[in-house]
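To start, the structure under review is shown below, and the notes come after it.
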Amino acid sequence: MIISCKGIQKNHHVTKCVFLHDGDWGDLALIEHEKFHKSLQNKNGFWLGFETSQPFGIMSERDGKRA
């Protein structure tokens, strides 16, 4: 599974993060990346978390096609 970082929001502006991880939730790389972002948090900005990409070939039914 590909897990990516959504980045940070600071002063109402989103800054993307280039972190990508091919693995599972709970992997050390994810924990360390989360710690990094949380160590930089302050009252003007916050971390947006992680997200996963949808695998190719799985129908979302948002494209109008029936599964």
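The values are calculated or read from the model by the stated rules, or taken from the named source; none is laboratory data. Small disclaimer: the values here were computed from a predicted structure and weren't measured. Quick reminder, even Gly has a Cβ in these numbers, built from the backbone with ideal geometry, and neighbours come from all protein chains shown. Quick note on the areas: whole protein, heavy atoms, side chains included, nothing else; ligands and nucleic acids left out. Shrake-Rupley method; radii C 1.70, N 1.55, O 1.52, S 1.80 Å.
Please go through segment 1-43 and pick out each residue that is aromatic (F, W, Y) and more than 21 Å from S53 (Cβ to Cβ).
F36
Would you please list the contacts, defined by Cβ atoms under 6 Å and residues six or more apart or on different chains, that run from a residue in segment 25-48 that is touching a residue at least 40 places away in the same chain (Cβ under 8 Å) to a residue that is loosely packed, with under 13 Cβ neighbours inside 10 Å and part of a strand (DSSP E or B)?
Going by the 6 Å Cβ cut-off, there are no qualifying pairs.
What number of residues in segment 10-31 are open to solvent by less than 50 Å² (accessible area, probe 1.4 Å) and outside any loop (DSSP other than H, G, I, E, B)?
The total comes to 3.
Sort out which residues of segment 32-67 are modelled with pLDDT of 90 or more, part of a loop (DSSP other than H, G, I, E, B) and in contact with a Phe, Trp or Tyr (Cβ under 7 Å, 6 or more places away or on another chain), and write them in order of number.
Passing the criteria: none in range.
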